[in-house]
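As structure tokens, the structure follows; a few thoughts come after it.
The values are calculated or read from the model by the stated rules, or taken from the named source; none is laboratory data. In this text the structure is predicted, and so the values were computed from the model without any measurement. FYI the Cβ positions are ideal-geometry reconstructions off the backbone, even for glycines, and counts take in every protein chain you see. Surface areas here come from the heavy atoms of the whole protein model, side chains and all, with no ligands, DNA or RNA. Shrake-Rupley method; radii C 1.70, N 1.55, O 1.52, S 1.80 Å.
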Amino acid sequence: MTQAVVTHEAEPTRPETLERQPIMTGTPTCASITEQVCAIVERPASAWWMPAFSVSTLLLALCGFAALYLITTGVGVWGLNSPVGWAFDITNFVFWVGIGHAGTLISAILLLFRQRWRNSINRFAEAMTIFAVACAGLFPLIHVGRIWMVWFLAPVPNANAIWPNFRSPLLWDVFAVSTYATVSTLFWFVGLVPDFATLRDRATTPLKRWSYGILSLGWRGSARHWLNYETAYLLLAGLSTPLVLSVHTVVSFDFATSVIPGWHTTIFPPYFVAGAIFSGFGMVLTLMIPARQLFHFENLVTDRHLDFMCQVLMATGMIVGYAYAMEFFTAWYSANPYEQFTFINRALGPYWWAYWIMVSCNVLTPQVFWFKSLRNRPWFIFGISILVNVGMWFERFVIIVTSLHRDFLPSSWGYFIPTWVDFAQFIGSFGLFFTLFLLFIRVAPMITIFEVKTLLPEADPHSQREPTPPVEGEADPLPTDGSFVPGLLARYESASDLYAACKKAKAAGYKHFDAYSPFPIHGLEKAMGLGKSKLPPMVLVAGVSGALLALVGMLWVNTVEYPLITAGKPYGAIEPLIPIVFEVTILFSAFAAVLGMFALNGLPRYHHRVFEKEIFKRSMDDGFFLMLDTRDHCFDAREALKLMRESGGRDVCVLDRK
Amino acid sequence: MSKTDTVSDVNVRLDPAHVARARVILGGVFLGAAALSAIGWLFWAQSFYVSYLIGFLFALSIALGALFWVLIHHLVDAAWSVVVRRPMEFLTASLPYVGIFFMPIVFGMGWIFPWAGAEVDVATHFVPEKRAFLNTPFFLLRAVFYFVVWAYLARRAIAPSWRQDESGDVGETLSLRRIAPVGLILLGVTSTFASIDWIMSLEPDWFSTIFGVYFWSGAIVASLSMITLMVLCLRQIPKYHAIVTEEHLHDLGKLLFGFVVFWAYIAFSQYFLIWYANIPEETVWYIRRTEGPWGLIAVAVGIGNFVVPFCLLLRRDAKRSVWILGFSAAWLLGFHWLDLYWQIEPVYRPEGPVFSLLDIVNVVLFLSAGAWMTLGVADGRSLVPKQDPRLQESLAFENV
């Protein structure tokens, strides 16, 4: 079948398909992108927003009510019971964690693979990650039953001087999911800082200016900032990539370390990760297709983006299909009657319908995307993405419930039927998700403004052949009385002009000068002679410290402080410590990357003299600025003014003392 | 500033005289190794067959990995890797001939595969129940199927690229892009079952669902190491040196680093889940390979394939350094062999590894044969896909 599809596609040999298509359509500029994205936040909410928000909060209230009922009554109000001790709760947990994975894939892994189209969807997907992880965390939290004792999970001895079991996959989950939530939030926040600065500069009310001012930490788009910023961002991407794999791997360990047929199988880790990305991309499409229509940013998130996402959906769907097939084959090949029964029972037993929903939604449905023409129809893709969401929820249900409901002894067989509380909490979790999402699109730009700007052709400092000519007849900004001039600030029309001006300034002997731009300009740090960021060694030291702390700490607890045999594992076994050691390493490194970046940049900072210039409000919009000042001994106001004017600088103004 | 201006001459070939001389030497080495191998077969048949199988899988994984790299390059429409694609294609070109090298394994089936021997039902527990899969005719049929698929895919994945050198037809790129997804699916399925047939079934009672992925992850690292080494050697040619810059090496280094981590992830997942669940029918495989003298080899496999290359390649400068990158690639090739040795040899020598000259002879045999074929393919061909529509982009490539 696939062969036929492929030939069908081949027939028209169009050389134009080899041309790189632009990632965005239309002719966006820096200013138009700022305007388009910020307007969504700044304008009053659309008519549909309030009703949607009300419905979401109602669902959230339902979820809260069900949780309250459960906590005050007991976990028995759910339908789960022996032998099905895990059902909707863990299904929903894995479902939501999985959805989160696409956000990190888009923000981190696609960044490492230089898939620049990700720039216009990563903010959206990262927000989805954080909210999905919040929904996921809800279920294990409720499932512990006595929620006031949840602090027993923390790595400290509890009220009875008992330590948590570091060899338990459930504790690894606590570390993995909380690390993931923390690092994703850091990553998201780091991405938001420059965009908050843009909103700050555009703010019309003091409250907005003040709040966005606090959130942007005094960001001013300096080339020195961007240098550390880009290094930190890359390091975070490098850290998040193994992190995202580890999270669903650890989730899969919840099942695969057991001895239950259907749960214990070695392919679970990569299979769960692929499934997570698959489901996450399904959810990104589900949210993105209506959003881009409602907010009219089809020029930034184009049909081409949808095409790519459909291809990822198809690829990951097939990896999941591979895992389904290998499980079946190996169950037969193992010659183990329990394994064989489990899989036959999945397909033909009491839950056969769940199994076939899963297979048809996850493996068969995405195959439609072999047809290029179907990858171009937003609402068709939307429909498929819904099916993927359904299929992936059922995948977790099938794995969890069908493996449990037939125990080893037929006398212990059972059948799980959900109660209204199960349903209320499942549906209510969507309420939490959409409440957070709808709030997010009101307060933060849902498209990364500065990263989208780097996709513009003019973002390349070599794009402009001829420098913009110097302006004639601008008034002399220097004081006529010959008083002291602490520094000068000039605005440039383009990244190319700023780049050329920086080269000139460097050649004239300036070292401490600074350049400001609304996005990082490739190669500017070299043109300015800035050298490399000092961040990587800091992150390495932090990572190694985290690893040693976790390893030594847990070994000490397991062998000296609280030696306890669990599951026949030796006291000093290293293997079961690896998941937590890994998570702590990543957590420490990520904090070092973010805090180190802000520290190296001297942020947060309340005030800077460039902010006093009205013209500098354009610095995070479409303005490019050069600052020369007396920190360089070669600074001479007259000469500096000449250099700025000659290199195309305009709106030159005199800076105050620090 | 723009590098495209400086690299105008992409017409690079190997010197035919050098190739001819090298091929004569390689042919001699191959014949010598074959003769030694044949002596080994006469006197120590069991040792011969096992070391031959390891050598075969070592070479095969490099060729299959190369096919993977070619296909993935076209699938994702990569640009940076155009200038380093030829080494991948040269390695892939030997795939149609691997079937010939499988012949000795067919003859030695009774020696190699416990389930194909005479006293099998006594020696193992579950083989009778697996007879539908583990039987000689079906095994051979599957092998033939794999070889046919690989030969077909190799052809489809490289022939258009050769033709494009002459014609410059972008339609060839489109045809490569069409075969890529189908090819990767076929490659994934066939190599999974090949690894089950040729490695996992050596212990017919044992099973692991991730085994196919474990095999690929090693194959992908090994072939990328070989490709990197080939690129570094070709950079001795000044023209090629100007085309393939540090930027391209940096990317090869990044991929190598990434897949080293991927291998570790898969290897750890398999080990860890079996270790943790502690079910005897599964742990037996690891107990045989982690206790006694084999335990030292197990540690060496882990450190050699993960810890050392991870530390070596972590830094940015290391990935751009010819010496560190080259050393890591050569090191990884060696430890990929050790990984295969550690998976296969304990079946026959449970008491511990024994140094055998035949192991080395068989590696030399396959490497010389592979090099001989690869040079034969490379001879007279451009070392850069000179008419590829993404070539300019690849030449101008710079890491951000």
Practice task
Can you confirm whether region A:342-358 contains a residue that is within 12 Å of chain B (Cβ to nearest Cβ) and either open to solvent by 40 Å² or more (accessible area, probe 1.4 Å) or more than 22 Å from the chain's Cα centre (by Cα) (or both)?
Solution key: yes
Problem - The listed residue being loosely packed, with under 14 Cβ neighbours inside 10 Å, outside the structural domain of A:D621 (by TED's automatic domain parsing), in a loop (DSSP other than H, G, I, E, B) and not basic (K, R), out of A:P28, A:P51, A:P44 - result: A:P44
Handout entry: Of residues in region B:215-244 being open to solvent by 10 Å² or more (accessible area, probe 1.4 Å) and aromatic (F, W, Y), the one nearest to the other protein chains (Cβ to nearest Cβ)
Key = B:W216
Problem - Failed criterion for B:P353 (all others in (1) outside any helix (DSSP H, G or I); (2) over 21 Å from B:S201 (Cα atoms) hold) - result: (2)
Practice task
Could you tell me which residue of region B:310-350 is nearest to B:W285 (Cα to Cα), considering only residues that are charged (D, E, K, R) and either in a helix (DSSP H, G or I) or out of contact with any Phe, Trp or Tyr (no Cβ under 9 Å at 6 or more places or on another chain) (or both)?
Solution key: B:E345
Practice task
Would you mind telling me which numbered condition in (1) over 18 Å from A:N119 (Cβ atoms); (2) within 16 Å of the chain's Cα centre (by Cα) A:S216 fails?
Solution key: (2)
Practice task
Filter region A:76-108 down to residues that are farther than 27 Å from A:T185 by Cα and touching a His at 6+ places or on another chain (Cβ under 7 Å) and give me whichever is most open to solvent (accessible area, probe 1.4 Å).
Solution key: A:P83
Handout entry: Index of the failed condition, A:V183 passing every other in (1) in contact with a Pro (Cβ under 9 Å, 6 or more places away or on another chain); (2) crowded, with 19+ Cβ neighbours inside 10 Å; (3) not charged (D, E, K, R)
Key = (1)
Practice task
Answer yes or no: is there a residue in region B:384-392 that is assigned to a helix (DSSP H, G or I) and not assigned by TED's automatic domain parsing to the domain that holds B:F58.
Solution key: yes
Practice task
Keeping to region A:192-218, report how many residues are among the polar types (S, T, N, Q) and surrounded by fewer than 21 Cβ atoms within 10 Å (Cβ to Cβ).
Solution key: 3
Problem - Boolean, B:E247 is open to solvent by 10 Å² or more (accessible area, probe 1.4 Å), away from chain A (no Cβ under 11 Å), in contact with an Asp or Glu (Cβ under 6 Å, 6 or more places away or on another chain) and not hydrophobic (A, V, I, L, M, F, W, C) - result: yes
Exercise for the section: Could you identify the single residue in A:F371, A:F434, A:F408, A:F423 that is surrounded by 16 or more Cβ atoms within 10 Å (Cβ to Cβ) and of a type in the set (A, V, I, L, M, F, W, C)? Expected result: A:F434
Handout entry: Failed item, numbered, when A:V133 is tested on (1) within 30 Å of A:A573 (Cβ to Cβ); (2) part of a helix (DSSP H, G or I); (3) over 12 Å from the mean Cα position of the chain (by Cα); (4) not basic (K, R)
Key = (3)
Practice task
Find the helices (runs of 4 or more DSSP H) located wholly in region A:204-307 whose residues include 1 or more that are out of contact with any Ser or Thr (no Cβ under 6 Å at 6 or more places or on another chain) and within 14 Å of chain B (Cβ to nearest Cβ), and list them.
Solution key: A:223-256, A:268-294
Fill in the blank from the handout: The correct count of residues that are open to solvent by 10 Å² or more (accessible area, probe 1.4 Å) and within 24 Å of B:W216 (Cβ to Cβ) in region A:275-303 is 1
Practice task
Working carefully through the options A:F598, A:F591, A:F625, A:F582, find the one that is part of a helix (DSSP H, G or I), aromatic (F, W, Y) and surrounded by 22 or more Cβ atoms within 10 Å (Cβ to Cβ).
Solution key: A:F582
Practice task
Report, by residue number, each residue of region B:281-322 that is open to solvent by 60 Å² or more (accessible area, probe 1.4 Å), within 13 Å of B:Y271 (Cβ to Cβ) and under 24 Å from the mean Cα position of the chain (by Cα).
Solution key: B:V299, B:F306
Fill in the blank from the handout: Selection from region A:553-576 of residues in contact (Cβ under 8 Å) with a residue 60 or more places away in the chain and either assigned to a helix (DSSP H, G or I) or open to solvent by 40 Å² or more (accessible area, probe 1.4 Å) (or both) yields A:G553, A:M554, A:V557, A:N558, A:E561, A:Y562, A:L564, A:A567, A:P576
Practice task
Search region A:605-622 for residues being of a type in the set (D, E) and surrounded by 15 or more Cβ atoms within 10 Å (Cβ to Cβ), and hand back the single one that is farthest from A:A203 (Cα to Cα).
Solution key: A:D622
Exercise for the section: Only one of these is in contact with a Gly (Cβ under 7 Å, 6 or more places away or on another chain) and among the small types (G, A, S): B:A219, B:A264, B:A194, B:A277. Name it. Expected result: B:A219
Handout entry: A:W332 vs. criteria free of Cβ contacts under 8 Å to residues at least 60 places away in the same chain, in a helix (DSSP H, G or I) and farther than 22 Å from A:W86 by Cβ
Key = yes
Problem - Residue check, B:V19 in contact with an Asp or Glu (Cβ under 6 Å, 6 or more places away or on another chain), within 30 Å of A:V312 (Cα to Cα) and in a helix (DSSP H, G or I) - result: no
Problem - In region B:119-168, residue modelled with the highest pLDDT [restricted to those that are outside any helix (DSSP H, G or I) and over 29 Å from B:G183 (Cα atoms)] - result: B:R131
Exercise for the section: Go through the residues of region B:284-292 one by one and say whether even a single one is under 22 Å from A:I260 (Cβ atoms), within 14 Å of chain A (Cβ to nearest Cβ) and without any contact (Cβ under 8 Å) to a residue 60 or more places away in the chain. Expected result: yes
Exercise for the section: Could you tell me whether A:R123 is touching a Ser or Thr at 6+ places or on another chain (Cβ under 6 Å) and open to solvent by less than 40 Å² (accessible area, probe 1.4 Å)? Expected result: yes
